[in-house]
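What follows is a set of notes on a single structure, which appears directly below.
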Amino acid sequence: ADTSFNLTVYNKPVADFATTPAAVCAGSTVTLTDNVTYGGPAPVKEWYWDFGNGDTKTNTTNAATTTVYKDYQTYTVKQVVKVSQLCVSDTLKKTLTVYAAPVASFTYPQNCISQGEQIPFTSTSTAPDGQALASYAWDFGDVNATPANPDTSTLADPVHSYTYYGSYKIRHSVTTVNGCVKDTVVTATFNVKPVLTYASIPAVCESVKGTISIALAGVTNGVTGAGIYRGPYVDASGNFNPSAAGAGSHTVKYVFTASSGCMDSIAAIVRVLPAPDADFTISPDVCLGAPVTIIDQSTIASGAITSLNWSFGDGTTDVQTTGGAFDKLYTGAG
């Protein structure tokens, strides 16, 4: 005898899934969304995941699942779905590349700067897996920034000027071509050099006795600190001895050290004018009633003698503006 019956055979479920985001960066969370297809009457009851990073998971729903890839490398992700013990999909394998997060770093001049000087910043950021860097972002932490001197930049190697010295928190962020982002924050201290001025020093005569003050230097940008004077025949307080220095042009220097340690100096010239050498000749002794001839022979190394003050010894005096010979008549013997 025989018999017959109808038997319906269904295709196995086909495993499939998608990952989000499309480009995965190390340390980020990846979402895996189920896209299984199955035409049978019974529902899919079990989803098995092998993430390739040492973690596995078995779900009883097709809800999206997540995992974290800590290291950058290529992973093989596997999925198997099951309708029953006999109705199981083939193992789906997909390769997932996890890209490295970049290492954000930069360099900058670590010394004293001039007020308003543009400070160059150089990005030294890299990606450990050789990815190219796609974009850069900077925040210079400068509350005194202006539209002409902005606080941010998207250049790889920007410049920025700081008006005041101090410490600034500088944030530098880089993004790779695959969207991996990393930033770093560095507290950088910039010390501004003092801006110095030295007023013109009036010329002084060599014949001046003692010292004169030539302390005419100062700081114009508000940097605090202390300054001293240096040079021949000048003390630290700016007292200059012209007679000891002698005639000529002498260079003096004002050296200022800021509280931050930054140092700068400015020089000035003090001109010491030569003293005239007074000298004259007089005719030999004469008889009362005859004039005495006096001849001025005073000299000066540079410049001109403009005044000659005479005291004749008999109680009379005279002031002349030119030299040369003249006669003096004494009224009494002696």
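The values are calculated or read from the model by the stated rules, or taken from the named source; none is laboratory data. For clarity, every value in this text was computed on a predicted model and none was experimentally measured. Cβ atoms come from the backbone with ideal geometry, glycine included; neighbour counts cover every protein chain shown. Remember, those area values only see protein heavy atoms, side chains included, never the ligands or the DNA or RNA. Shrake-Rupley method; radii C 1.70, N 1.55, O 1.52, S 1.80 Å.
So LEU7 fits all but one of (1) open to solvent by 80 Å² or more (accessible area, probe 1.4 Å); (2) touching a residue at least 24 places away in the same chain (Cβ under 8 Å); (3) assigned to a loop (DSSP other than H, G, I, E, B); (4) of a type outside the set (Gly, Ala, Ser); what number is the exception?
With respect to (1) open to solvent by 80 Å² or more (accessible area, probe 1.4 Å); (2) touching a residue at least 24 places away in the same chain (Cβ under 8 Å); (3) assigned to a loop (DSSP other than H, G, I, E, B); (4) of a type outside the set (Gly, Ala, Ser), LEU7 is out only on (2).
When you scan the range 181-188, do you find a residue that is under 30 Å from PHE121 (Cβ atoms), of a type in the set (Lys, Arg) and more than 20 Å from the chain's Cα centre (by Cα), even just one?
Our first condition is that a residue be under 30 Å from PHE121 (Cβ atoms); within the range 181-188, this holds for 181-188.
Filter again for of a type in the set (Lys, Arg), leaving 182.
Narrowing the set further to residues that are more than 20 Å from the chain's Cα centre (by Cα) leaves 182.
The answer is yes; a qualifying residue exists.
Among the residues of the range 206-228, is there at least one that is more than 24 Å from GLN110 (Cβ to Cβ) and among the basic types (Lys, Arg)?
Looking through the range 206-228, at least one residue is more than 24 Å from GLN110 (Cβ to Cβ) and among the basic types (Lys, Arg).
Being at pLDDT below 95 and β-branched (Val, Ile, Thr): is that true of ILE305 here?
On the way: at pLDDT below 95: yes; β-branched (Val, Ile, Thr): yes.
So ILE305 fits the description; yes.
Quick check on my filter: what residues within the range 135-150 are assigned to a strand (DSSP E or B) and surrounded by 14 or more Cβ atoms within 10 Å (Cβ to Cβ)? Let's see the steps before the verdict.
Let us first name the residues in the range 135-150 that are assigned to a strand (DSSP E or B), namely 135-139, 146, 149.
Scanning the range 135-150 gives TYR136, ALA137, TRP138, ASP139, ASN149.
Please work out if THR58 is open to solvent by less than 90 Å² (accessible area, probe 1.4 Å), closer than 21 Å to ALA101 by Cα, touching a strand residue (DSSP E or B) at 6+ places or on another chain (Cβ under 9 Å) and outside any loop (DSSP other than H, G, I, E, B).
Numbers: open to solvent by less than 90 Å² (accessible area, probe 1.4 Å): yes; closer than 21 Å to ALA101 by Cα: no; touching a strand residue (DSSP E or B) at 6+ places or on another chain (Cβ under 9 Å): yes; outside any loop (DSSP other than H, G, I, E, B): yes.
Spelling it out, it is not the case that THR58 is open to solvent by less than 90 Å² (accessible area, probe 1.4 Å), closer than 21 Å to ALA101 by Cα, touching a strand residue (DSSP E or B) at 6+ places or on another chain (Cβ under 9 Å) and outside any loop (DSSP other than H, G, I, E, B).
For the range 19-30, give me each residue that is open to solvent by 40 Å² or more (accessible area, probe 1.4 Å) and not β-branched (Val, Ile, Thr).
If the condition is that a residue be open to solvent by 40 Å² or more (accessible area, probe 1.4 Å) and not β-branched (Val, Ile, Thr), then PRO21, ALA22, GLY27 are the ones that fit.
If the Cβ limit is 9 Å and pairs must be 6+ apart or interchain, which residue in the range 23-51 that is within 30 Å of TYR10 (Cβ to Cβ) pairs with which residue that is open to solvent by 30 Å² or more (accessible area, probe 1.4 Å) and acidic (Asp, Glu)?
ASP34/ASP16; ASN35/ASP16; VAL36/ASP16; THR37/ASP16; TRP49/ASP55
Quick check on the range 295-307: of everything there that is in contact with a Phe, Trp or Tyr (Cβ under 9 Å, 6 or more places away or on another chain) and of a type outside the set (Val, Ile, Thr), which residue is farthest from PRO284 (Cα to Cα)?
Of all residues in the range 295-307, those in contact with a Phe, Trp or Tyr (Cβ under 9 Å, 6 or more places away or on another chain) come to 295-298.
Right, trim to of a type outside the set (Val, Ile, Thr) and you get 296-298.
Working: ASP296: 15, GLN297: 16, SER298: 19 Å.
Per the criteria, the residue is SER298.
Would it be correct to say that ASP285 is acidic (Asp, Glu) and touching a strand residue (DSSP E or B) at 6+ places or on another chain (Cβ under 6 Å)?
Details: acidic (Asp, Glu): yes; touching a strand residue (DSSP E or B) at 6+ places or on another chain (Cβ under 6 Å): no.
Against the criterion (acidic (Asp, Glu) and touching a strand residue (DSSP E or B) at 6+ places or on another chain (Cβ under 6 Å)), ASP285 does not qualify.
Tell me which residues, restricted to the range 235-246, are closer than 19 Å to SER200 by Cβ and either more than 35 Å from the chain's Cα centre (by Cα) or among the acidic types (Asp, Glu) (or both). Before the answer, list the steps.
Step one: list which residues in the range 235-246 are closer than 19 Å to SER200 by Cβ, which gives 238-240, 242, 245.
Those that are closer than 19 Å to SER200 by Cβ and either more than 35 Å from the chain's Cα centre (by Cα) or among the acidic types (Asp, Glu) (or both): ASN239, PHE240, PRO242, ALA245.
Given (1) open to solvent by 50 Å² or more (accessible area, probe 1.4 Å); (2) more than 30 Å from LEU133 (Cα to Cα); (3) of a type outside the set (Ser, Thr, Tyr), identify the lone condition not met by VAL68.
So VAL68 meets the others, but not (2).
Within the range 64-90, take every residue that is touching a Ser or Thr at 6+ places or on another chain (Cβ under 9 Å) and of a type outside the set (Val, Ile, Thr) and give me the one that is farthest from PRO13 (Cα to Cα).
The first filter runs over the range 64-90 and keeps only residues touching a Ser or Thr at 6+ places or on another chain (Cβ under 9 Å), leaving 64-69, 72-83.
Narrowing the set further to residues that are of a type outside the set (Val, Ile, Thr) leaves 64, 69, 72-73, 75, 78-79, 82.
Details: ALA64: 18, TYR69: 28, TYR72: 32, GLN73: 30, TYR75: 24, LYS78: 15, GLN79: 12, LYS82: 8 Å.
Among them, the one singled out is TYR72.
With the checklist (1) surrounded by 13 or more Cβ atoms within 10 Å (Cβ to Cβ); (2) part of a strand (DSSP E or B) in hand, flag the one item SER249 doesn't pass.
(1)
Would you be able to say whether some residue in the range 258-265 is within 21 Å of ALA325 (Cα to Cα) and either of a type in the set (Val, Ile, Thr) or outside any loop (DSSP other than H, G, I, E, B) (or both)? Step through it out loud before you land on a result.
First, the residues of the range 258-265 that are within 21 Å of ALA325 (Cα to Cα): none.
No, every residue in the range 258-265 fails to be within 21 Å of ALA325 (Cα to Cα) and either of a type in the set (Val, Ile, Thr) or outside any loop (DSSP other than H, G, I, E, B) (or both).
Of everything in the range 101-123, what is open to solvent by less than 40 Å² (accessible area, probe 1.4 Å) and either in a strand (DSSP E or B) or acidic (Asp, Glu) (or both)? Give them in sequence order.
PHE106, ILE113, ILE119, SER123, listed by residue number.
Evaluate the range 31-53: report whether one residue or more is outside any loop (DSSP other than H, G, I, E, B), open to solvent by 70 Å² or more (accessible area, probe 1.4 Å) and under 23 Å from CYS180 (Cα atoms).
no
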